[in-house]
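Okay, structure first, notes after.
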Amino acid sequence: MVNFAPSILSADFSRLKEEVISVKNTKYLHLDIMDGRFVPNITYGPLVVEAIRPYSEQIFDTHLMIVEPEKYIEDFAEAGSDIITVHVEATDHIHRAIQMIKSNGCKAGVTLNPATSLSTIENIIDDVDLILIMSVNPGFGGQKFIPQMLDKVKRLNKMIQKSNTETLIEIDGGINFDNIKEIVDAGVDIVVSGSAIFKGDPQENINKFRRKLEG
Ligand code: DX5
Ligand code: ZN
């Protein structure tokens with residue numbers, strides 16, 4: 001069964017607590033951390049993650065879009081992250097970063113920009129709990145889904161089957177009511193969605209996503 005991870009990047013930050021509570025029925029909450037260097041945009045840091053932690057029982061899925069992610073893994077773990085995901089493009093030592101995430105008591109995820117090949121994770125696939133396929137260039141919400149990423153998800157599924165691991169596949173960027181069905185059919189476990197969920201009534205939008213998958 002597929003699970004949703006609403007991204008609060010598209011939430012109204014003047015009422016962040018209420019926005020977090022409005023999506024409490026999903027298994028995950030997706031937290032987009034941007035540094036203005038790895039990606040052009042800047043968002044928020046561990047302080048905000050810590051501030052919303054008491055208002056959610058969801059799995060906090062922290063997506064680090066920052067250079068030198070090793071420097072901040074401990075801070076995001078202490079702030080209440082359950083999963084910490086780092087970009088393979090953001091560090092020369094992805095294996096070390098994965099070990100650091102685990103030694104800080106979190107599940108470890110790796111993520112790939114749209115142009116990055118799956119071969120970059122071939123040697124670490126057994127070590128990670130989650131692989132996040134970016135289906136837009138990271139940095140902003142509300143962008144258009146890159147259709148070639150469907151094939152990437154299918155190829156990743158085959159890699160995971162071969163390696164006999166339980167690694168989860170997550171997809172992030174440009175998911176809407178029209179493309180959700182074919183994305184889930186390609187074989188993903190977690191769907192991140194920001195603008196489609198937070199534009200309008202979040203709970204109604206999540207229900208709408210679920211209905212699209214039934215029909
Ligand atoms: C983009 C972020 C996404 C973003 C998705 O860099 O990683 O998580 O919030 O937003 P939508 O669903 O609007 O594409
Ligand atoms: Zn994200």
inquiry  = I want to verify a result. In a Gaussian network model of the chain, Cα cutoff 10 Å, which of these has the top mean-square fluctuation: 171, 124, 190?
reply    = 124
Fluctuation leader among 193, 163, 135 - the chain, Gaussian network, Cα springs under 10 angstrom = 163
task = Wrap a convex hull around the Cα atoms of the chain, take a quarter of its surface area, and give that in square nanometres.
result = 10.7
ask   = Among 90, 51, 125, whose Cα lies farthest out toward the positive end of the dipole of the chain, if unit charges sit on the beta carbon of Lys, Arg (+1) and Asp, Glu (-1)?
value = 125
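Using just the helices of the chain, give the 222 nm mean residue ellipticity in deg cm²/dmol: DSSP H runs with n ≥ 4 each add -39,500 (n - 2.57), and the total is spread over all residues, rounded to 500. Show your work: numbers first, answer last.
Numbers: 8 runs with 68 residues, N = 215.
Here the helix-only value at 222 nm equals -8500 deg cm²/dmol.
If DNA, RNA and ligands are ignored and the probe is 1.4 Å, what is the ranking of 28, 72 by accessible area, most exposed first?
Working: 28 10, 72 95 Å².
Largest to smallest exposure gives the sequence 72, 28.
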key: Inter-label distance for residue 127 and residue 163, nm, one decimal - labels placed 7 Å from Cα along Cα-to-Cβ   = 1.0
request  = Would you give the gap between the C-alpha center of segment 25-43 and the C-alpha center of segment 144-200, rounded to a whole Å?
outcome  = 17
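For segment 50-89, what does the relative contact order come out to in percent, with C-alpha contacts under 8 Å and a separation of six or more? Mind showing how you got there, number by number?
Working: 35 pairs, mean separation 21.0, N = 40.
Across segment 50-89, relative contact order equals 52 percent.
The values are calculated or read from the model by the stated rules, or taken from the named source; none is laboratory data. Nothing here was measured: the structure is a model prediction, and the numbers come from that model. Cβ atoms come from the backbone with ideal geometry, glycine included; neighbour counts cover every protein chain shown. Side chains are part of the model used for accessible areas, which takes the heavy atoms of the whole protein and leaves out ligands, DNA and RNA. Shrake-Rupley method; radii C 1.70, N 1.55, O 1.52, S 1.80 Å.
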